[in-house]
Structure formats: structure tokens, C-alpha cells
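Every number here is computed from the coordinates shown, using simple stated rules; none is lab data. Only a predicted model underlies this, so the values are computations on that prediction, with no experimental measurement involved. Here Cβ is always computed from backbone atoms with ideal geometry, including for glycine, and neighbour counts include all displayed protein chains.
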Amino acid sequence: MSSEDPDRDGNAPPGDVPVTTLTGRSVAHGRRPRLPALQDAYSPPSAPPQAAAPPAPAPRPPAKRQSAGPSGPPATARGVRRSGSRTGARGTARPAAPSGAPPAPPARERRISESASPRQRAAKPASKPASKPAQQRSAKPAAKPTPDPTPHPTTKPARRAEAEKPEKRVAELPAESAADQPVVSIADQPRAGREEHLLPSLGPEPGPILATDSFAAAGRKAMWVQVDRMLQREEAVRDPEQADALKRYRVATRRLRAALRVFRDAYPGRETKPIRTGLSELADALGAVRDLDVRVEEVDRWARDRDGDLGQAIAPLRKSLAAQRRDAAASLARKLDSRSHRRLIAGLVGFVTALEPEIGPHPGAPDRATRDRAGSSVWTAYEQVRAYAAIVRWADLPTLHALRIEAKRLRYTVEFLANQLGPEKDLLVERLVALQDHLGALNDATLAVAAVRSFLGEHHAALSPEERAGTISYLGDRERELSRLRRGVGRAWRPVVGITFARRMARAVVSRPST
């Protein structure tokens, strides 16, 4: 089984008997040979006798490995390539394979296949394709041509070509020069005026709130009146000369927001949320203009009550307030002409004119009508006002302003449900109006003092001594008015929080409504 392997050990010294292993490789002197039993067990079956072959020439010593050169393929350690023949595993020259025949496997694969068992031969996959010649392996890839930075007009992407095509409608336009077309300025172009947006119609008035109405129907009736007042003053509120129309418009929005708060349990939140948001933004724009109207009216009233020279001294203050009022009025006009305001008006009209579904008899507890919920609504609003009794004596100005808002909500609740309350309701409204007016005057004095101080801080250097003295005099009068109103809060507060007011409210809730 031993033989010389010129591919692995071409110059083996004499007396060194190589031993064939499982892989077909020879083991040189100094390695442990296989045992005879294992060697016979793993040796392939002997081949049938063949005719004696002519003696092979002595093997040539293997050439050293060289790199591929320009003259031809390099010589390998497994033998020297010769034209027309190959060196076999045993050093014998084999004739070259005829043209068209599959290439013979390498010497190592042949040795493995000869030493493998029949089962391993059957399971062995197909041999890998022959590797590329050394010239092809060693050849460097050709350098890529440098692309031309200037793109060729015929190499544009299809999408860019389509995008650059002119539209058909532009090509179909008549050929006119720019000089032939008339030039129209933006000022001369017709603007979409307010007259083009017709106000929606509310239809006939639904009538007063009945005791048998559902709470949702009662809320729509209460809000219908306020929406109608808004629509009547929708045009007048834009006129800066009609300050009273702006005041009434603002009151209508306040009552609408209060009605949404009183009847909020009767409607789903997703239905009223857009209306509440729109009314809040509108109230902010209206409040900015209305507060400045009050400031200007106070300055005019103070100037009329003083001498001519002192009245003229606060002319810069009035001019500054008037300029602020014009800016606020312009913002309000943009708000009223916006699409959001038109959507708000349409939403309000659709909300208050919606019909409530008729609910027939059903098992379980009956639905509560307006007469069943009027008392709890009034008492809930009164509890919010009564909560300030512990802090009103030393409350600051923002807290007193919050008390004014809660008193106003209680008053609106009593007025909404007046048809379900007894005759005592009129006295309740009278006391609440007195408290609301006093706290409102206190809030106006607070805003006036803040406005005058801000004016003096910004224009103190630009004012003459007479103008500065007149403005400081006006500021002193407003501060004294503020102190007087702050001391008089208790006189307006005690009639509302006293036991008499609570008793009259109880009688108004439990008494039969007056016809």
C-alpha cells in the first residue's frame, strides 16, 4: 500500500518508508505508522491485475513555487505542467484528456475517493468546478472608466423627463404677449366681502322652557336666544362706533358658555367641544376690545370732570389707548371674517336647532325632566359661590375676580331655569347683580391702574411736565377708587352668603313656579 508521493515528498531519503493514510497522504519518517489491522481495514479493495505498464521515467524534482509572470503559468509544488500530459499521484505521466471530455479531478480528490468506502462515495456531493487558471486569478481587474461629470442629454431619467414636460393645458392657452394682458392690482381686485357669506337661519323661536322638557331640550332653548342675539349684531360688532353692540355681543357669548356649562351633562363631549373651543377664542378677542373701550370711556369721563388744562394733559394717554383699541379691533375683524368663525356660527345654529329624539316608555328609572334637575343645578352653582366665604375677607384681586365669575354663573343658571323656580328668584337675581357689578368695577379699576402704570413706564421721558403731572393725577384717582372698592367687597358679599339668601333660594326651588 505504500508508494512514493512526488506531490507531497518528492525527495524522501532512502529507508524512509511512507505509509498511506485515510486521506491518501504519505507519512514521512518520524511519524507513528498505522497498525496493520487498521491499515488493512481502511485500505480500499485491491484492483484486478492489469498488464504490466512500461517503466515510468524517474520523477523530476519539484520546482519551487513561483508567482505568475508574463511568460506563462507558474510551476507548482505538485509537479511541473507539461503540454499534453499531467503528473499523476504516483509520479507517472498521464496522457491529456481528449477534447470534450470532462476534466480529471485533482490528485488529492482522487486519493480521497480511492480511500473512501462505497457508502461515503455514494453520499459524496459532486465535485466543485475546476478553479480558474493562475493567469486569470493573478490578473488584476481592469480599471473602471471615469464617468463624465456632464450628463448626456439622452441619459436623463424617465421621471425627470416627464416632470419637465410642459402641461397640456399650458400649451393649449392662446399665445398672448405679456403686454396684451391687462394688469390688475390687488387693491382693485374684488375681495370676498362679508355680504357673500350669508348668515344661517335659526327658524322660528322654540318658545320658553317647559317643566316636562328634557334637560337637553331645555339647554337648546336657552342657547337659541343667545345665538339669535349674536346673529342680530354680527354686522354691527365690526363698527368701532357701536360700542354697545360689541358689549351685547360679548354678553351673548358669555351666556352661551354658561349655558353649555349648566347643561353639559345632557350632551356628549364630542358634540360640544368644538363649540366651547370656538367660543373661548371669540371671547378672548371680544374681551381685548371691550376692556380698551372701558379704559377710553373712563379717561373721557375723568377729563370732562376736570379743568380744561388738566383734561388736555392726559391726551397722550387717551391716544395710546385708542391706538391699542384699533389694533385689537383689527384682530377682532380678522377673527370674525375667518373661516373658523363661520364654522362656529354654523355649528351653533345646527346645535340649537337640532331635534331631540322622542324617548318612549322603557323599563327602569324614568328620565329626569327639567323640573327634576332645576333644583340640583341651582344648588350646585350656589355651592361654588359659597366656597369663597372662608377666604373672601383677605382674598387678593385675582381671587375676587374668580368669585365674580362664579357669581355670574349662578345668576345665569337662575335666569335659564326661571320658569321652574318660585317667585323668590327675582330677589336672588337682584342680589347677585349687585355683587357682580361691585366686583366688576373692582376688576376695571385694577386693569386701569395697570394700564396707566405701563404707559408711564414706556412714555415717561417723552411726556411734557404738564402731561406727566396730569397722567399721575389720573393714576392717583384710579388707585383711590381701587382701594375704596376693595374695602366695600364685604357689603356686597354678605347679602349673598347670608342665611336669608339661602332660605329664599330654597323656597324658590321647592315652590310652585309662578305663571
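Evaluating 6.51 cos²θ - 1.76 cosθ + 1.60 at θ = phi - 60° for every residue in segment 483-492, the Karplus couplings come out as 5, 5, 5, 5, 6, x, 5, x, 5, 8 Hz, glycine and proline recorded as x.
Extension gain for Asp367 to Asp477 (0.36 nm times residue separation, less C-alpha to C-alpha distance): 33.9 nm. Using only the C-alpha atoms, the convex hull of segment 215-355 corresponds to 103 Å³ per residue. Under 5 Å from the amide H of Arg306 lies no amide H of any residue 5 or more positions distant or on a separate chain, with H modelled from the backbone and absent for Pro and chain starts. Neighbours of Arg393 by Cβ distance under 13 Å: Lys/Arg scored +1, Asp/Glu scored -1, total +3. Counted by neighbouring Cβ atoms within 10 Å, the residues Trp302, Trp379, Trp394 run from fewest to most as Trp394, Trp379, Trp302. For the pair His459 and Ala288 in one chain, pulling the backbone fully straight at 0.36 nm per residue adds 59.4 nm over the alpha carbon distance.
The modelled label-to-label distance for the pair Arg334/Val251, using points 7 Å beyond Cα in the direction of Cβ, is 3.0 nm. Backbone amide hydrogens, once placed in the peptide plane, bring Ala395 within less than 5 Å of nothing, excluding anything fewer than 5 places away on its chain.
Label sites at Ala323 and Ala402, each approximated as a point 7 angstrom past Cα along Cα to Cβ, lie 3.7 nm apart.
In this calculation the C-beta distance from Leu427 to Ala315 is compared with R0 = 51 Å, giving a FRET efficiency of 0.65. Length gained on full extension, Ala395 to Glu281, computed as 0.36 nm times the residue gap minus the Cα-Cα distance: 38.2 nm.
For the pair Arg386 and Arg491, label points projected 7 Å from Cα toward Cβ lie 2.7 nm apart. As a proxy for reagent exposure, Phe455, Phe416 were ordered by neighbouring Cβ count within 10 angstrom, fewest first; the result is Phe455, Phe416.
Across segment 299-316, rounded Karplus estimates of 3J(HN,Hα) from the backbone phi angles (6.51 cos²θ - 1.76 cosθ + 1.60, θ = phi - 60°) give 5, 5, 5, 5, 5, 5, 7, 10, 5, x, 5, 6, x, 6, 5, 9, 4, x Hz, Gly and Pro being marked x. Karplus-derived 3J(HN,Hα) values for segment 332-338, using 6.51 cos²θ - 1.76 cosθ + 1.60 with θ = phi - 60°, are 5, 4, 5, 5, 6, 8, 7 Hz; glycine and proline are entered as x.
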